[in-house]
Each structure stands twice: as C-alpha cells, then as structure tokens.
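Worksheet: one structure, shown below.
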Amino acid sequence: MGQQSSSIGATGRRRILVVEDEPAIAGFVRRGLVFEGYAVDMADDGPAALACLREGQPDLLILDVMLPGIDGLEVARRVRSVENESDRAPLPILMLTARDAVPDRIAGLDAGADDYLVKPFDFDELLARVRALLRRGQSPRAARCSRYADLELDLTARTVVRGSRPVTLTAREFDLLALFMRHPNHVLTRRQLMDRIWGDDYFGDSNVLEVFVANLRRALEAAAEPRLIQTVRGVGYVLRESAER
Ligand code: CA
C-alpha cells in the first residue's frame with residue numbers, strides 16, 4: 001500500500017498524482033486517466049502523498065479530503081506553504097469531497113484547492129475538470145480569461161465585457177456566469193446550478209435561481225445583444241448562441 005510511483009520522464013505525458021484511500025474510487029479514476037493517456041501516480045494516504053510530492057512535482061494533484069494519516073486539507077496547505085517558500089509554480093489541485101459536505105468544499109478551497117468535485121461524480125466530469133486545470137497550468141492567460149461568443153470574463157479581475165461594453169455583475173451573478181462559461185453548450189440542471197453556486201445556503205424550492213438568471217440576462221443584454229443564457233424548459237439553463245428568445 002502506501003504509494004506506487006513510476007517515473008515516466010521524457011514522454012511528454014502530463015503526470016497526475018491521485019490521492020484517494022477508497023480502492024474502488026482510486027481504481028476507477030486511475031484506469032480512466034491512464035486510458036486517456038495521462039501518467040498516473042497513486043497514493044492512499046496523506047503521508048504517502050507528501051512523499052510522492054517530495055520525489056517530484058506532478059502536473060496536477062487530485063486529492064480526496066478524508067484521508068488516513070494527514071487529511072487532504074492539510075496536504076493542500078502544505079503544498080501551498082512549500083510553494084510560497086520556494087517560488088515554485090502553483091500545482092493545480094482538484095479536491096474530491098463527500099456529498100453534502102459544504103464545509104468540506106469551502107475548507108478545500110480555503111486550503112488552496114483550485115476546484116472541487118463532489119462524490120459521487122461522473123468520470124467525464126472529472127476529466128473536464130482535469131483538462132481545464134491542466135490548460136490553466138499551461139497558459140496563465142487561459143486561467144484568467146474565459147471567452148464565449150462576444151463575452152469575455154476575467155477570473156482574476158472578476159470583470160466581464162460583452163463586445164466592448166463592460167458588464168457590471170454582483171459576486172454571485174459573476175460566479176453563476178463563470179460556471180456557465182466553464183460548461184458552454186452543456187445544459188446545467190437547476191440542481192447543479194443551485195449546488196455549485198449556493199450549496200446548502202439554499203433552502204426550499206424558491207425561484208431564487210430564476211431571479212438570478214433574469215438579472216444576469218438583463219445585465220448581459222443591456223444593449224439589446226442576443227441572448228446567451230437559454231432556458232431548457234423543465235431542466236435548467238445552457239450557455240448557447242442562437243436560440244429563440
Ligand atoms: Ca476518503
């Protein structure tokens with residue numbers, strides 16, 4: 001047990017360290033990532049993860065929160081602390097959290113994770129996050145800016161421009177738009193949107209999401225631009241060009 005490390009040097013494959021103590025999930029993630037062509041190292045507890053990281057820096061860390069020995073939050077904190085001391089480029093960290101554990105998600109992001117995924121998750125969802133985080137690592141500009149149609153969103157400055165017109169949004173409207181921009185042309189269900197933006201802060205079946213989407217549309221269409229956030233009746237919303245208004 002502990003760690004299983006392989007060193008694939010000059011093949012140019014992106015290297016991912018997966019830290020997960022549940023064998024079924026670890027196996028499922030490892031097989032999928034290997035199939036996709038990534039070089040994968042595994043660790044099944046916190047100390048093994050830190051040992052792996054001392055041996056060499058992967059391109060991405062997938063880190064479960066609940067781990068024996070040293071938990072994922074502490075591993076993430078130590079990674080960030082070493083980076084701060086050594087001027088090392090930040091290692092992208094994708095945190096895996098248990099369902100309905102909002103404090104976990106917040107704590108994960110606070111500890112230095114770049115993104116999180118709630119268990120159980122689809123492998124495709126994991127893969128999408130992995131690709132996005134690796135792209136971000138390759139090109140700092142890609143991390144800061146995301147673009148769709150005539151819409152440009154700067155994640156660092158938290159600004160939005162439509163064409164050449166600056167768009168003013170509230171913090172949650174910005175988060176909602178950023179979520180759509182990460183999944184262009186993908187229908188996001190009401191549940192997904194609520195979970196990702198509000199988590200457990202949201203109570204009952206109010207129309208809070210509809211109100212936010214309406215406000216977001218109003219801001220994005222203030223100069224009579226075409227609609228980009230489309231309603232998918234009975235399901236949710238999608239960021240997509242050209243649909244009936
Ligand atoms: Ca675990």
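The values are calculated or read from the model by the stated rules, or taken from the named source; none is laboratory data. Note that the structure is predicted; figures quoted are calculated from it, not measured. Using ideal geometry, Cβ is built from the backbone for each residue, glycine included, and neighbour counts are taken over all protein chains shown. When the accessible area is computed, the model is the full protein with side chains, heavy atoms only, and any ligands, DNA or RNA have been set aside. Shrake-Rupley method; radii C 1.70, N 1.55, O 1.52, S 1.80 Å.
Which of the following residues is over 17 Å from the mean Cα position of the chain (by Cα), crowded, with 18+ Cβ neighbours inside 10 Å, on the phi < 0 side of the Ramachandran plot and not hydroxyl-bearing (Ser, Thr, Tyr): Ala49, Ala107, Ala89?
After applying the criteria, what remains is Ala49.
Do you know which residues across the stretch 116-131 are open to solvent by 40 Å² or more (accessible area, probe 1.4 Å) and closer than 17 Å to Leu188 by Cβ? Steps first, please.
Here is the first cut: in the stretch 116-131, the residues open to solvent by 40 Å² or more (accessible area, probe 1.4 Å) are 120, 122, 124-125, 128, 131.
Asp122, Asp124, Glu125, Ala128 - these are the residues of the stretch 116-131 that are open to solvent by 40 Å² or more (accessible area, probe 1.4 Å) and closer than 17 Å to Leu188 by Cβ.
Counting just the residues of the stretch 9-21 that are open to solvent by 50 Å² or more (accessible area, probe 1.4 Å) and modelled with pLDDT under 95, which one comes out nearest to the ligand (Cβ to nearest atom)?
Among them, the one singled out is Arg14.
Specify which of the listed residues (Val160, Val130) is more than 16 Å from the ligand (Cβ to nearest atom), touching a Leu at 6+ places or on another chain (Cβ under 7 Å), assigned to a strand (DSSP E or B) and at pLDDT 85 or above.
Criteria check complete, one pass: Val160.
Exactly one condition in (1) among the aliphatic types (A, V, I, L, M); (2) surrounded by fewer than 19 Cβ atoms within 10 Å (Cβ to Cβ); (3) within 16 Å of the ligand (Cβ to nearest atom) is not met by Val65; state its number.
(2)
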